[in-house]
Amino acid sequence: MLFSNLPQSLHAKDLMRKILVIEDEALVRANILEILEAGGEFNALGAENGKIGVRLAKEHLPDLILCDIMMPELDGYGVLNELKTDSATATIPFIFLTARADKTDLRQGMNLGADDYLTKPFRRSELLGVVATRLEKQVAVQQQYKTQQMRLMASVQQLEERLNYLIHYDSLTNLPNQQLLQQRLQQLLLQADQYQQQVPILSLDLDRFNRINETLGHAVGDQLLKAVANRLIQCVGDGSTIARLNGDQFVIVLSPGEENRAAAESAQLILNALSQCFVLNGHEIFITACIGISVYPDNGRDLTMLLQHADAALSHAQEQGGNHFQFYTPQINDYFSKTLALEASLHYALERSEFQVYYQPQVDFKTGLISGAEALLRWDHPEWGFVSPAEFIPLAEQSGLIVQIDQWVLESVCTQLAEWQSRSLPPLRVSVNLSGRQFHHSNLCENVVRILTKTGIDPCYLDLELTERIIVQRVEENITTLKQLKALGIQISIDDFGTGYSSLNYLKQFPFDTLKIDRCFVCNIASDSKNAAITTAMIQMAHSLNLKVIAEGVETEAELAFLKQNQCDEMQGYLFSRPLPKEEFEKLLLSGKRLKVYN
Ligand code: C2E
Ligand code: MG
Ligand code: MG
């Protein structure tokens, strides 16, 4: 026998079903315990009052509880209430024992969540009958719960797979899109750094593609794009990545190590292959293309810069009249010189007080009222005016200045919150964006504690926004940091969700409170079926993981209506308000402005 080597105790009581009897009358309690134990089926446990009963229930997690209603101090209703509000004991079947067959009493008990009742005095067979019936039902309930959980996980898994496909692939050509390209490129660049290799990036655009759409229709245009994708696949080796960015723009990342001469040969091969006749729907179609080439690391260290330079080279090739490829050269544009000048000024921006924090309201869909704000940094340069964060944040990250800048933003926001709270403005949660450098800084938690102590604000009003890209590097370490931050009482949001890895695994592992759907998925959501599918899947997935959802970049009434209808929790976007300087934000807050649909 399999069990014969088990300790004696496991043979008997531990394998039996546990029943807790909470009854203050000693004789009645002893009688019930005896009846239950007599058959050898149950391990019965007695409690002489409600308090002991609650403690034993939490300690032993019995399979069923029999509880008297009328007891001194904590009566049966009190016991039931305490157990139902604790998730560990909430689902244990609960049967009331009552001497009073008063219907209202019983109804009250059943309303509180009791499963059954037994009127005293009762016969042995009645007691055993009620217990057996309830335990059988419980088995069925547990089975049903298990099945529901399995179904829920399976549907979340399916949603994740579908979401990942939608987010990472172009549904027309099945080629990777910009997101996946970015991820693949990051890996390739790591490999290239290790072996000191260069990586050529080709940006390809079909010459006068609109002409096909206009003369032969969009269906033929789509077929042509698919056929182009297939030819590109045949032209380049397995180690290369081909992506379709949008319209007729493709990007090809050649395998690391290809020299400029090999890149030029590949480009020419592609141009030759595309200039061969395509036969689609009985039409013979001739096209040409142009290619701009940039090379890592000489022409840029990330996808944005490499693409920018490849595109500059592409425009140059197009100006030559088409069917042409061109390498990027610094003379093609003055991008570098502008970047250098920006970076130099950035060093002085903090000490010259050129930064300001703007606040963009976040609005609750349930009430239509402002529930929070995102702090967004603004740089007012004395010569160039407002410089966009999209332009200077990456530069600040590259130079490491971002750590001081983010620290300044955090301090300014907490000081502002303290000031608003001291003037009794409505309580408000403010989100602060953290850069990867700041997040991985060893003093982050200490700094946050110092700022919270100095300003005296309640941590629950501070929310830190992190992007997926930040947290996927050094996962274990990041989980620890996030848990420390959460332990302080701070909220954590995952920003720009969908533009990085969008993995359910990350969502499950990290202690996030809120998921922010990136603006690119919210755009035209009411008419763009792909964006609609992605956003609804994200909302469902986030809700099944108990995360709140904020949609970013809501610009139209149609987008707002769609999000509201699909149970999004909060919105942020120009439709309600642009990011505002603190004085204007304050006025908006005090005005009690609501989303229009709620007025
Ligand atoms: P983010 O964190 O995703 O911030 C949202 C961006 O969307 C902001 O751009 C905001 O102005 C913009 N936005 C909001 N609603 C709409 C809308 O309806 N339509 C459109 N077109 N845009 C909308 P912003 O202020 O230019 O900031 C860009 C990015 O710069 C931010 O993206 C964030 O990643 C970064 N950033 C801004 N402030 C800070 C900061 O203090 N620290 C760090 N590390 N990064 C920051
Ligand atoms: Mg943000
Ligand atoms: Mg965002």
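The values are calculated or read from the model by the stated rules, or taken from the named source; none is laboratory data. Note that the coordinates shown come from a computational prediction; the quantities given were computed from them, not determined experimentally. Because the Cβ atoms are built from the backbone with ideal geometry, glycine has one as well, and the counts that use them run over all protein chains shown. Heavy atoms of the whole protein, side chains included, go into the accessibility calculation; ligands, DNA and RNA do not. Shrake-Rupley method; radii C 1.70, N 1.55, O 1.52, S 1.80 Å.
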**Asked** Hey, among the residues in the stretch 396-441 that are under 26 Å from the mean Cα position of the chain (by Cα) and over 20 Å from Ile492 (Cα atoms), which one's farthest from ligand 3 (Cβ to nearest atom)?
**Response** Gln398
**Request:** Determine if the stretch 69-84 includes at least one residue that is surrounded by 15 or more Cβ atoms within 10 Å (Cβ to Cβ) and over 23 Å from Gly109 (Cα atoms).
**Result:** no
**Prompt:** In the stretch 486-577, which helices (runs of 4 or more DSSP H) lie fully inside it and hold 3 or more residues that are within 16 Å of ligand 1 (Cβ to nearest atom)?
**Reply:** 519-522, 529-544, 557-565
**Request:** Mind telling me which of the residues Ile517, Ile525 ends up being open to solvent by less than 10 Å² (accessible area, probe 1.4 Å), among the hydrophobic types (A, V, I, L, M, F, W, C), within 16 Å of ligand 2 (Cβ to nearest atom) and at pLDDT 90 or above?
**Result:** Ile517
**Message:** Could you check the stretch 233-244 and list, in sequence order, the residues that are over 22 Å from Tyr195 (Cβ atoms) and in contact with a Leu (Cβ under 8 Å, 6 or more places away or on another chain)?
**Reply:** Cys235, Ile242, Ala243, Arg244
**Message:** Within the stretch 358-376, does at least one residue satisfy the condition of being near ligand 1 (Cβ under 10 Å from one of its atoms), more than 21 Å from Gly573 (Cα to Cα), open to solvent by less than 20 Å² (accessible area, probe 1.4 Å) and within 23 Å of the chain's Cα centre (by Cα)?
**Reply:** no
**Request:** Answer with yes or no whether Gly321 is under 30 Å from Thr215 (Cβ atoms), surrounded by fewer than 21 Cβ atoms within 10 Å (Cβ to Cβ) and not acidic (Asp, Glu).
**Result:** yes
**Request:** Quick one: count up the residues across the stretch 206-239 that are open to solvent by less than 30 Å² (accessible area, probe 1.4 Å), over 19 Å from Ser255 (Cβ atoms) and not in a helix (DSSP H, G or I).
**Result:** 3
**Prompt:** Among the residues of the stretch 553-563 satisfying the criterion of being open to solvent by less than 40 Å² (accessible area, probe 1.4 Å) and aliphatic (A, V, I, L, M), which is nearest to ligand 3 (Cβ to nearest atom)?
**Reply:** Val554
**Prompt:** On the given criteria, is Arg450 within 13 Å of ligand 1 (Cβ to nearest atom) and either surrounded by fewer than 18 Cβ atoms within 10 Å (Cβ to Cβ) or in a strand (DSSP E or B) (or both)?
**Reply:** no
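Scan the stretch 486-505 for residues that are away from ligand 3 (no atom under 16 Å from the Cβ), open to solvent by 10 Å² or more (accessible area, probe 1.4 Å) and more than 27 Å from Tyr359 (Cα to Cα) and report the count.
Initially, the stretch 486-505 is screened for residues away from ligand 3 (no atom under 16 Å from the Cβ), giving 486-490, 503-505.
Going one step further and asking which of them are open to solvent by 10 Å² or more (accessible area, probe 1.4 Å), we end up with 486-489, 503, 505.
In the following step, the residues that additionally are more than 27 Å from Tyr359 (Cα to Cα) were identified as 503, 505.
The qualifying residues number 2.
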**Prompt:** Restricted to the stretch 345-357, and to residues that are more than 32 Å from the chain's Cα centre (by Cα) and not aliphatic (A, V, I, L, M), which residue is nearest to ligand 2 (Cβ to nearest atom)?
**Reply:** Glu354
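Of all the residues that make up the stretch 397-443, how many are part of a helix (DSSP H, G or I) and either within 15 Å of ligand 2 (Cβ to nearest atom) or touching a Lys or Arg at 6+ places or on another chain (Cβ under 7 Å) (or both)?
Residues of the stretch 397-443 that are part of a helix (DSSP H, G or I), as a first pass: 397-399, 402-422, 436-439.
Next cut, either within 15 Å of ligand 2 (Cβ to nearest atom) or touching a Lys or Arg at 6+ places or on another chain (Cβ under 7 Å) (or both) only: 397, 402-403, 405-406, 409-410, 413, 416, 436, 438-439.
Final tally of qualifying residues: 12.
Looking at Leu482, Leu488 in this structure, which one is touching a residue at least 12 places away in the same chain (Cβ under 8 Å), within 17 Å of the chain's Cα centre (by Cα) and within 24 Å of Ile550 (Cα to Cα)? I'd like the intermediate steps shown before the answer.
Values: Leu488 fails: within 17 Å of the chain's Cα centre (by Cα).
Just a single option satisfies the conditions, and that option is Leu482.
Name the single residue, out of those in the stretch 564-599 being within 15 Å of ligand 3 (Cβ to nearest atom) and either more than 13 Å from Glu374 (Cβ to Cβ) or free of Cβ contacts under 8 Å to residues at least 24 places away in the same chain (or both), that is least open to solvent (accessible area, probe 1.4 Å). Even if it seems obvious, please write down each step before you answer.
Going through the stretch 564-599, the residues within 15 Å of ligand 3 (Cβ to nearest atom) turn out to be 568, 570-574, 578-579.
Remaining after also requiring either more than 13 Å from Glu374 (Cβ to Cβ) or free of Cβ contacts under 8 Å to residues at least 24 places away in the same chain (or both): 568, 574.
Values: Cys568: 7, Tyr574: 109 Å².
Among those that are within 15 Å of ligand 3 (Cβ to nearest atom) and either more than 13 Å from Glu374 (Cβ to Cβ) or free of Cβ contacts under 8 Å to residues at least 24 places away in the same chain (or both), it is Cys568.
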**Request:** Could you tell me whether the stretch 87-102 includes any residue that is open to solvent by 30 Å² or more (accessible area, probe 1.4 Å), over 26 Å from Gln144 (Cβ atoms) and touching a helix residue (DSSP H, G or I) at 6+ places or on another chain (Cβ under 9 Å)?
**Result:** yes
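Considering only residues of the stretch 453-485 that are assigned to a strand (DSSP E or B) and within 16 Å of ligand 3 (Cβ to nearest atom), which is farthest from Ala373 (Cα to Cα)? Don't jump to the end; show me each part of the working.
Here is the first cut: in the stretch 453-485, the ones assigned to a strand (DSSP E or B) are 462-467.
Now drop any that are not within 16 Å of ligand 3 (Cβ to nearest atom), which leaves 463-467.
Details: Asp463: 10, Leu464: 12, Glu465: 12, Leu466: 15, Thr467: 17 Å.
Once the filter is applied, the top-ranked residue is Thr467.
Out of the stretch 453-484, which residues are under 16 Å from Glu411 (Cα atoms) and either more than 16 Å from ligand 2 (Cβ to nearest atom) or exposed (fewer than 13 other Cβ atoms within 10 Å of the Cβ) (or both)? Talk me through it step by step, then tell me what you get.
Step one: filter the stretch 453-484 for residues under 16 Å from Glu411 (Cα atoms), giving 453-465.
Passing the criteria: Thr453, Lys454, Thr455, Gly456, Ile457, Asp458, Pro459, Cys460, Tyr461.
Checking the conditions here, which among Leu464, Leu377 is in contact with a Pro (Cβ under 7 Å, 6 or more places away or on another chain) and closer than 27 Å to Leu346 by Cβ?
Values: Leu464 fails: in contact with a Pro (Cβ under 7 Å, 6 or more places away or on another chain).
After ruling out the rest, the residue left standing is Leu377.
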**Request:** Could you tell me whether any residue of the stretch 393-414 is open to solvent by 60 Å² or more (accessible area, probe 1.4 Å), without any contact (Cβ under 8 Å) to a residue 40 or more places away in the chain and not polar (S, T, N, Q)?
**Result:** no
**Request:** Being closer than 14 Å to Gln158 by Cα and small (Gly, Ala, Ser) is the filter here, so list the residues in the stretch 538-557 that pass it.
**Result:** Ala542, Ser544
